[in-house]
1. Considering only the stretch 78-88, state which residues are buried (at least 18 other Cβ atoms within 10 Å of the Cβ) and either closer than 18 Å to Arg137 by Cβ or within 12 Å of the chain's Cα centre (by Cα) (or both).
2. Suppose we keep only residues that are touching a residue at least 24 places away in the same chain (Cβ under 8 Å) and not aliphatic (A, V, I, L, M) within the stretch 133-145. Which one would you say is surrounded by the most Cβ atoms within 10 Å (Cβ to Cβ)?
3. So if I check each of Ala148, Ala91, which one is in contact with a Gly (Cβ under 7 Å, 6 or more places away or on another chain) and either under 20 Å from Leu15 (Cβ atoms) or surrounded by 13 or more Cβ atoms within 10 Å (Cβ to Cβ) (or both)?
4. Quick one: what pairs do we get from the stretch 35-48, first residue among the β-branched types (Val, Ile, Thr), second crowded, with 18+ Cβ neighbours inside 10 Å and modelled with pLDDT of 70 or more, C-beta under 8 Å, 6+ apart or different chains?
5. Look at Arg64 and say whether it is more than 18 Å from Ala150 (Cα to Cα), surrounded by fewer than 21 Cβ atoms within 10 Å (Cβ to Cβ) and charged (D, E, K, R).
6. Does Ile67 meet the test of being in contact with a helix residue (DSSP H, G or I) (Cβ under 9 Å, 6 or more places away or on another chain), β-branched (Val, Ile, Thr), at pLDDT below 90 and at negative phi?
7. Quick one: would you say Gln130 is without any contact (Cβ under 8 Å) to a residue 40 or more places away in the chain and surrounded by 17 or more Cβ atoms within 10 Å (Cβ to Cβ)?
8. Taking the stretch 102-153, which residues are over 23 Å from Cys22 (Cβ atoms) and aromatic (Phe, Trp, Tyr)?
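The values are calculated or read from the model by the stated rules, or taken from the named source; none is laboratory data. Fair warning: this is a prediction, and the values are worked out from it, not measured in the lab. Cβ placement follows ideal geometry from the backbone for every residue including glycine, while neighbour counts extend to all protein chains displayed.
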Amino acid sequence: MRKGRAPIKRLLPILVVWPLVCAASSTLTVLLRNFETLSTASDLIVLHALGGLAAALAWFVLDRFWIARRKRLALRFVLSFILLFGLTVGATAGLFALHFWIYFSQWHEPLSSRIGLYQAVFTSASAIYQYAVLGSRHLIALAFPAAALAALFAARHPRIEAADRIR
């Protein structure tokens, strides 16, 4: 059995590069669409970078302990690609929903009440839908092809062998 390299040596480049790719993709779409306000554009870029950071961390764990155990290269590639891009969109949508909910909470009932709970749930659901429809297009410019390249690299170089134990 082959021993994998230390996980931290692979984790740090992923945690640095993927958020930068997401931020660059968002920056490219902001520049191409000529955003009027710079503060809104910078918030959007930071939101995508933080979503990319959260997604990269979750993807690294799933890739190391679940995807790498698959024997077929094509299956590892597809799982890795779908998870990396899906986690990025999901994490960014979750952060957007949190920001949306914090903004609108000043007009909501307290969260401890039934009405406040309804308002929080439906505000978050509408924010996730709004991001899925309008916000995810910012990731398609650079992050989509970069996710395919990262998935191809991860599929060709599995982190651990299928016979290794999880420690």
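1. Selection gives Phe81, Leu83, Leu84, Phe85, Leu87, Thr88.
2. His138
3. Step by step, each of Ala148, Ala91 is checked, and only Ala91 is in contact with a Gly (Cβ under 7 Å, 6 or more places away or on another chain) and either under 20 Å from Leu15 (Cβ atoms) or surrounded by 13 or more Cβ atoms within 10 Å (Cβ to Cβ) (or both).
4. Ile45/Ala23; Ile45/Ser26; Ile45/Thr27; Ile45/Val30; Val46/Ala23
5. No: the conditions fail for Arg64.
6. Considered against the rule, which asks whether it is in contact with a helix residue (DSSP H, G or I) (Cβ under 9 Å, 6 or more places away or on another chain), β-branched (Val, Ile, Thr), at pLDDT below 90 and at negative phi, Ile67 comes out as yes.
7. Considered against the rule, which asks whether it is without any contact (Cβ under 8 Å) to a residue 40 or more places away in the chain and surrounded by 17 or more Cβ atoms within 10 Å (Cβ to Cβ), Gln130 comes out as no.
8. Across the stretch 102-153, the qualifying residues are Phe104, Trp107, Tyr118, Phe122.
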